């Protein structure tokens, strides 16, 4: 019934929408019925340190944060990030219940009148008769509370509460004056983030509070104190019930110190004009989203497009302050450091916190390098800084910690795509030094998932280097010790490193890593004709099956052989040859999609190994584009469109159908809608784009002039109707394009790609020369 009501609302309102501003087409509620702590954002700027929003569920990483069908709001907290949370607040009226915990002071709410936009959230707390509005800058949350008259009014700061990933080990809050408090919340280490991490804050109010009272372990401290500290501690701010009908509050945060939190607050919001900050947030988001303009398509497609793009720009978080200071926790003790500054003392790039780049070669690496190269530059600088600080290029830092999330070294294709597309505002020699270190025993690859000890062996690099494949049964700490997945991903990462070696004229390394990149062939079983894991003694595992009814099949990270057999992004020609030619490979791949369609191309119940095709998790999200390499690009066009239909929902009950890992699935959806992709993740020394049928009549990508010589790259379609999913012909800058791909150099210069669509496949188009594979100069 809730879904029907929501759909009726969409149908009713969609008729009033014309070609709206991109920011007004974003729907933050998409797929919020089941999400992760860091999934939902409302009052946040792009990559904001603060991402302020209501929390309906706070107990765990999964199924937490804002869940659409939950009945209660437990708090409004300021940090929803990879392994980070913090600073929960809640306005209340009536008898004070803050010390009794969120289960007691939570409030019912309704979606009636609720508004969520990029940079803004409005909701009504039924139990307290309070209207709440939220907005923010990058590092400051801005609250507006409209209290009822003649009621006892209070604001809870529950700094000792558990939020998402784990408990708080300690918090301290003190009164600065009658309109300001400050404090710190120390997040307990987790299995992923190995060190306790403090979040500092300063909160200023436009209305004086008449009382400041705290608690520890659910007991109110009756003695009047100006400082409250301990485990499970918090405070309540109390207001004169005849006054304070509208209270504004600014909360600045920092991972460095209270003084830095105050600097962030005073620098970013020096006034009390809530509407000004709100309108600035909308304007900033609209500027970012307008880097890609679309014309045509349905309203539903437009909403999904800009919601996808919005996701791609806010999952990962800035952790440096306005002056560039950040906390490095890679060593034994935390150290305050500063990012590189320009001649005026301003940060050149922020320092970021992010989940692993695992799978980003088919999403963020492509989209950011095309449209937001400055963002890619910033993340490259963060990784080089962490190498200088701690001795390793990270694959997913949290709060200044190494996390060793997932497997391998996915930072290699990230750097290769950046550098080979001309994104180079960082120390490439230092980056290469760190990436090369990670490719050998003792580097980042040697750490299995969340294996924090040194030395680490769970990544199996001693096996990979000595024999060319990683076996099953490695005895080490950490998770994801899945030898087949490791072997395949290491091979792709070796190839990516070879491409970077080639660009840097390191010919010996180029030859070494190109040779190692063929290691995937060591797990090809000619009998099963699939990638087949091997035991320590070299024998094929006996309990092998292409799919299995589990989270992951033995040997495969969150996946199975049916999917990972296709994971050779750098050498599709070599993989096709193993199958015995294009006909045999196309039969295998197309059969997988026919079977996968029955399950809507997703794993049911997060059983990733049970799917033949799974677009709800990273390892298989390039599969539909592989037909471009096997001589049948029309099948890429067919299956990409079918996937877009399945993942096109714009209600709270669908849209991603799986794990939207901090914008990766959003970026993938954006690319599919534009009809551009890079199976090799853009890592090749001469990058290129594969083409499939776009969803829209026209797509205008505004190029960043600091990186690319062109002004814009335009994609135009003719005969664009829902039934016309197949490319009939194409032109690039008025020249016939007979291949289903073109070089990044042509994109960077700007130009026009024209695509004619039709209802039936043109099986003769796009097959003259397949996209480059493995050796980028051969035949091209």
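The values are calculated or read from the model by the stated rules, or taken from the named source; none is laboratory data. Predicted model, so just to flag it, every value in this text is computed and none were measured. Please note: Cβ atoms are built from the backbone with ideal geometry, for glycine as well, and neighbour counts cover all protein chains shown.
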Exercise. If you go through segment 453-460 one residue at a time, do you hit one that is out of contact with any helix residue (DSSP H, G or I) (no Cβ under 8 Å at 6 or more places or on another chain), assigned by TED's automatic domain parsing to the domain that holds residue 680, over 17 Å from residue 393 (Cβ atoms) and in contact (Cβ under 8 Å) with a residue 12 or more places away in the chain?
Worked result: yes
Taking residue 713 as the residue in question, decide whether it is in a strand (DSSP E or B), closer than 27 Å to residue 425 by Cβ and out of contact with any helix residue (DSSP H, G or I) (no Cβ under 7 Å at 6 or more places or on another chain). no
Expected output for segment 141-157 (first residue on the phi > 0 side of the Ramachandran plot and in the same structural domain as residue 211 (by TED's automatic domain parsing), partner loosely packed, with under 14 Cβ neighbours inside 10 Å and in a loop (DSSP other than H, G, I, E, B), Cβ below 8 Å, 6+ apart or cross-chain) is 150/242
If we ask which residues in segment 386-401 are closer than 25 Å to residue 199 by Cβ and in a loop (DSSP other than H, G, I, E, B), their number turns out to be 7
Filter pass, residue 652 being farther than 22 Å from residue 366 by Cα and over 25 Å from the mean Cα position of the chain (by Cα)
no
Going through segment 638-655 in order, the residues found to be surrounded by fewer than 24 Cβ atoms within 10 Å (Cβ to Cβ) and more than 30 Å from residue 728 (Cβ to Cβ) are 651, 652, 653, 654
Taking segment 101-111 and keeping residues in contact with a strand residue (DSSP E or B) (Cβ under 8 Å, 6 or more places away or on another chain) and either assigned to a strand (DSSP E or B) or exposed (fewer than 12 other Cβ atoms within 10 Å of the Cβ) (or both) leaves 107, 108, 109, 110
With criteria (1) without any contact (Cβ under 8 Å) to a residue 60 or more places away in the chain; (2) under 34 Å from the mean Cα position of the chain (by Cα); (3) part of a helix (DSSP H, G or I), residue 584 comes up short on (2)
Here the residues within segment 287-314 that are part of a helix (DSSP H, G or I), farther than 19 Å from residue 29 by Cβ and touching a residue at least 12 places away in the same chain (Cβ under 8 Å) are 288
When segment 48-83 is checked residue by residue, the ones that are over 27 Å from residue 97 (Cβ atoms) and surrounded by fewer than 24 Cβ atoms within 10 Å (Cβ to Cβ) are 62
Of those in segment 112-123 that are closer than 15 Å to residue 45 by Cβ and part of a loop (DSSP other than H, G, I, E, B), the residue farthest from the chain's Cα centre (by Cα) is 119
Condition check: buried (at least 19 other Cβ atoms within 10 Å of the Cβ), touching a helix residue (DSSP H, G or I) at 6+ places or on another chain (Cβ under 9 Å) and outside the structural domain of residue 79 (by TED's automatic domain parsing). Does residue 313 satisfy that? yes
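So that you can scan it fast, the table gives a plain yes or no per residue for (1) at positive phi; (2) part of a loop (DSSP other than H, G, I, E, B); (3) buried (at least 23 other Cβ atoms within 10 Å of the Cβ):
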residue: 361; (1), (2), (3): no, no, yes
residue: 366; (1), (2), (3): no, no, yes
residue: 369; (1), (2), (3): no, no, yes
residue: 374; (1), (2), (3): no, no, no
residue: 384; (1), (2), (3): no, no, no
residue: 403; (1), (2), (3): no, yes, yes
residue: 406; (1), (2), (3): yes, yes, yes
residue: 425; (1), (2), (3): no, yes, no
Within segment 650-674, residues part of a helix (DSSP H, G or I) and within 18 Å of residue 695 (Cα to Cα) come out as 665, 666, 667, 668, 669, 670, 671, 672, 673, 674
Practice item. Might you check whether a residue that is under 23 Å from residue 215 (Cα atoms) and in a strand (DSSP E or B) occurs anywhere in segment 55-66? Key: yes
Among 511, 515, 502, the single one that is at negative phi, buried (at least 22 other Cβ atoms within 10 Å of the Cβ) and either in a helix (DSSP H, G or I) or touching a residue at least 60 places away in the same chain (Cβ under 8 Å) (or both) is 502
In segment 21-45, anything crowded, with 22+ Cβ neighbours inside 10 Å, in the same structural domain as residue 265 (by TED's automatic domain parsing) and either under 14 Å from the mean Cα position of the chain (by Cα) or outside any loop (DSSP other than H, G, I, E, B) (or both) is listed as 35, 37, 38, 39, 40, 41, 43, 44
Picked from segment 323-350 (must be under 23 Å from the mean Cα position of the chain (by Cα) and in a loop (DSSP other than H, G, I, E, B)), the residue surrounded by the fewest Cβ atoms within 10 Å (Cβ to Cβ) is 348
Would you confirm whether any residue within segment 468-490 is in the same structural domain as residue 414 (by TED's automatic domain parsing), assigned to a helix (DSSP H, G or I) and surrounded by fewer than 24 Cβ atoms within 10 Å (Cβ to Cβ)? no
